Each structure stands twice: as C-alpha cells, then as structure tokens.
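Working notes for the structure below.
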Amino acid sequence: MQTQTLRCAVIGAGMAGILAAIKLDEAGLGDFTVYEKADRVGGTWRENTYPGLSCDVPSHLYSYSFALTPDWSRRFAPGPEIEAYFERIAEEYGVTKRVRFGDEVVSCAFSDGKWHLTTASGHTDTVDVVIAATGVLHHPRYPDLAGLDAFEGACFHSARWDHSVALDGARVGIVGTGSTAVQIVSAIVDRVAALSLFQRTAQWIAPQDNRAYSAEERAELRDHPDQLAETHQTLSDMFDLFANAVVDAESAEIKLIEQACLDNLENNVHDPELRERLRPTYRAACKRLIVSPDFYDAIQKPNAELVTDAIECVEPKGVRTKDGRLHELDVLVLATGFKADAFMRPMQIIGRDGVTLQQAWTPRPEAYLSVSMPDFPNFFMLNGPNGPVGNFSLIEVAEIQFRYILQLVDQILDGNCREIAATRGALTEFERAREEAATHTVWVTGCLSWYLDDRGLPAVWPWSFLRFRDVMKAPDLGAYDLR
Ligand SMILES: Cc1cc2nc3c(=O)[nH]c(=O)nc-3n(C[C@H](O)[C@H](O)[C@H](O)COP(=O)(O)OP(=O)(O)OC[C@H]3O[C@@H](n4cnc5c(N)ncnc54)[C@H](O)[C@@H]3O)c2cc1C
C-alpha cells in the first residue's frame, strides 16, 4: 500500500531523461523537475550534427517501445530525424514543459534523508529521489597532438561541428576511424577537394543495407500497429544474438560476424596495398563494430587518401606525419570520441556521511548493476557505469533499467524504507563476477577500445543480454540496504 508521494529530480533531458520523465508521470510520481544544461532536449542527438550522422542500429529498434513510429525514412535513420523524434515524444508526453533548460546541476548532496540539488544559476531543489541521466558519450575527448592550437584552418571535434565552415572544395583531414569518422568520410567525400583520413587503427566494417522505406511501407506500418510492434520485437531478438556473440569470443555467431567483415574487405577494396592497410590486426567486434554501406567505396575515391603514417604534429598549414610529409589542410575534424568514463562529471555528488563520488569512484566508476551505489541512497543512474553497450539499442537498456529502478522506489513508496542503496557486499561481489566474466569476451582479444578501463578490462556488462533482462526483472532486495 502506497503511503506517501515523493519528489524526484531527473538530471539530463536526453533519451534517458525523457524516458524517466514519462515513466515517473505514468507511475503517479508527477512531482519532479527535469534539469537540462542545454536549451533543448535530445542529448547526443542534439549535440552531434556532423554530416552523415545516423543510427547504427535499426531505427525501428532505436525507438521507445511505447512510442514506436512508422515514419522512419530509412532502416538506419539520419541524426536530425532521430533528434526530431525525441523532441516530438518529449512534447507529446508533456516532458518539455517539465524541463528546466539552460541550468546545469552542479551539486547533489545527501543530508537528513533528502538530496539537495544546486544548479549553476544558484537555483536549489530538495528531493527524495535523483535519477541521473547525464549520458555516457557526452564529454568530447580531444587528442593530444602537438601544435593543434597553431593550426590556421578550422578545427573542431565531431560533436561540436562548426557549420559555418565551408566544406565544398576544401581540403579536409579527419583524425580517428570510429563510427563517426566512417560516417563523415562517406558523407563528405564527394563535396571536398581532398580528404585525408588519419588512421591509427584499422577497423572492421560490417556491410549495411540502409535502404529507404517507401511511402507504402510506412503507410502499411501506420495502418497496422501490430506489425510495427512485431518489427521492433524481431529486431530486438536479432540484436540479442549479437549481444550474446560478443560476450563469448568462441561463439558461432561471432565467427559469422567476422566472416561478413572479412568478405566486405576482400570483395570491396580492390587495391591490394590499400586493402592490407585497411585490414585490422584484431578480431571483429573487439572494438565497437562499425557498419557502413559505402565507406570502402568512399575511401577508394580519387580525392580520398588513407594516411597510416602516425601523426608527428599539427602545423599551421596542416598535419605532419612521422614520415616527414606535410598534409596541407583547410579543415581538421577530430573524430576522436568521448570520455566514456566521465559519468555525471563535473557534478559534485556527496552521499551519506560526506562520502563523495570522487572517493567512491577512485580508482574507477562502479555501480551495482550500473544503477545504484552504496552511500548514495535513493540516487539511481540510467546508462551508468559498466552497463550493457555494444551494437544494440541503448533505449532498450534504459527502459529495462528504469523499470528496475521504479521497483526500488516502490520500496520507499510502500513504506518499507525511507532510503535504499546497494550494499557494499553486493557491489563487491558484482564487480568480482563482472571482471571474471569480462575475460571471456571478444573485447579482450587484443585491441584497444573505449570499452576498456585503466586495467584493460572491459567496463561493460559482460554477460548475455538475456541475463541482463533476467537480472533486471526484479531487484534482489538482499543486495540492498533498506533504512
Ligand atoms: C555519434 C553517436 C552515435 C550514436 N549512435 C547510437 C546508436 O546508433 N544506437 C544506440 O543505441 N546508441 C547510440 N549512441 C549512444 C547514445 O549516446 C545513446 O543512445 C543515447 O542517446 C544516450 O542518451 P542519454 O540520455 O543516456 O545521454 P545523452 O544523450 O548524452 O543525454 C544526457 C543529457 O544530460 C545533460 N546533462 C549532463 N550533465 C548535466 C548536468 N549536470 N545538469 C544538467 N544536464 C546535464 C546533457 O546536456 C544531455 O542533454 C550514439 C552516440 C553517439 C555520440
């Protein structure tokens, strides 16, 4: 029997924050504010506006399960369409009006059983429950390149794209070979005079069929919501298989993925010398698997060059590589990813008895099942540390996590406790098992990637997605400290 109501704060209005707001309302917990430091919702999809940005899981899967849409234009929708989807859903579900925009939460301190939030503008709020939805791939990582500041052309990170810079007819350099770089190369190669892709590590590229949906197909899905739901479910099942493959480096599925990537390289890169330079020396899916329908075509265009000599430094006129050559450039794009371990930073978070997040996360971020931390009662994370990542929908992950968190909050609502947080023992045991399982995954088969922590261990969920669904169905209250 619910005896009380609770005030909540959601930090972040990206995909996960919008979800939290919708679901809190649905659960009858309507007394909340969403804090967003930017001026619009959308998170990742608001910040990344680079040419070629698109989803790399099918859009019918990268959608809220409760707000499927028949309107995706392609299998893997372009970024602006995804951003518009989040804006529309936030509006339709009444989230936008609940967001305090342009106000960054700078601190959360726990005392007297409540969380006290302070924002950059000096606004304060006292809440019972905090949902942190501050994003994983949020803080750009800049490369440590000597001379970068001296570059006379335009230089920006891929997540801070400068649309005032003309690309047509320009000589453009791109540092990095992740999904973002690959998408940019394909999108701009036909516009620029010359494109230099500075590759430190070759990447496996899985083929991708990114066909457009016809008006008839979209109408069909609009008229038959059951088919839309079925499409979502089928894709979800399919991506479970992928998730299972990467956590077992010897699985048959991973071998199929490896073969598809190998065939893609062998069949589509014609110059044997270029093919060898594009051939990774580690196993497919060891790094986040890249999918692209046309990267190999793009990099073989006459105006494109794959530069594999290491970068010596950046000079006013361009990039000098270790072989002594100066690659003259007008624009330098840093597609060098994000600080994936910077969860919730730079917020000051002070838990029970003055324990700071900084202390709790030294040497590295840890959370029980990615959602809860000892000493931080009633403070829950969406897409927190060591959660499932990989080539599947993080929306599905956040939905599963939120349903779980709501069950923890129910303990308070039901009067069983006023404070709930994972026990130290549960976290220690979870981390021990997680680290052990991580040694069997494809992520430790000989590559460097942003999945790896300072010890070289994958900072991710190392078991199957099925196990994630199972474990997250209902909390094991024995793992929680209820006061
Ligand atoms: C280029 C790119 C492509 C991607 N493609 C895919 C894909 O195909 N499939 C997939 O599943 N995932 C993909 N991702 C991952 C993507 O980040 C997630 O799918 C999802 O968008 C994350 O949502 P989020 O709400 O957790 O975080 P974010 O989208 O990062 O949102 C966090 C929000 O919190 C706000 N915020 C942070 N700190 C504070 C604070 N202290 N106070 C107030 N506001 C704050 C931020 O401004 C931001 O709006 C991609 C990521 C990138 C960068």
- Counting sequence-distant residues (5 or more places) and residues on other chains, those with an amide H built under 5 Å from that of Cys55 are Ala77, Gly79
- Which Cys in the chain stand alone, with every other cysteine's Cβ at 4.7 Å or more from theirs? Cys8, Cys55, Cys108, Cys155, Cys261, Cys313, Cys417
- Helix 179-188 versus the longest principal axis of the chain: what is the Cα-based angle in degrees, 0 to 90, to the nearest 10? 50 degrees
- Item | Student exercise, the range 240-325 dipole from Lys, Arg, Asp, Glu Cβ charges, in Debye to nearest 20 | 360 debye
- Task: Go ahead and run the numbers for FRET between Ala67 and Asp263, Cβ-Cβ distance against an R0 of 45 Å, rounding to 0.05.
- Result: 0.75
- Modelled label-to-label distance, Val106 and Thr234, 7 Å Cα→beta-carbon offset: nm? 5.2 nm
- Note on the structure: With only helices counted (DSSP H, runs n ≥ 4, each -39500 (n - 2.57)), the per-residue ellipticity at 222 nm for the chain, to the nearest 500, works out to -9000 deg cm²/dmol
- Note on the structure: When Trp115, Trp45 are ranked with the fewest other C-beta atoms within 10 Å first, the list becomes Trp45, Trp115
- Query: Put +1 on the Cβ of every Lys and Arg and -1 on every Asp and Glu Cβ in the chain; which of Ala398, Val105, Gly337 then has its Cα farthest towards the positive end of the dipole?
  - Reply: Val105
- Around Ile11, which amide H atoms from residues at least 5 apart in sequence, or from another chain, sit under 5 Å from its own amide H, with H modelled in the peptide plane? Tyr35, Ile131, Ala132, Ala133
- Query: Residues of the range 307-348 with amide nitrogen under 17 Å from the 7 Å Cα-to-Cβ point of Glu273?
  - Reply: 307-310, 323-325
- Full-extension gain in nm, His224 to Ser251, via 0.36 nm per residue minus C-alpha separation: 6.1 nm
- Note on the structure: One would report the antiparallel percent of DSSP beta bridges in the chain, rounded to the nearest 5, as 40 percent
- Which translational diffusion coefficient, to the nearest whole µm²/s, is obtained for the chain from the Stokes-Einstein equation, given a Kirkwood hydrodynamic radius over C-alpha pairs, 20 °C and 1.002 mPa s? 90 µm²/s
- Query: What residue among Gln233, His116, Thr201 has its Cα farthest toward the positive end of the dipole of the chain, where the charges are +1 on Lys, Arg and -1 on Asp, Glu, each on the Cβ?
  - Reply: His116
- With charges only on Cβ, +1 for K and R and -1 for D and E, what is the dipole size of the range 385-424 about its Cα centre, in debye, rounded to 20? 160 debye
- The simple spin-label model distance between Thr201 and Val471, using points 7 Å out along Cα→Cβ, in nm, is 2.4 nm
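Read-outs throughout are calculated quantities, based only on the coordinates presented, and are distinct from any laboratory measurement. Since this is a predicted model, take the numbers as computed values, not measurements. As a convention, Cβ positions derive from the backbone with ideal geometry for all residues, glycine included, and neighbour counts pool all protein chains shown.
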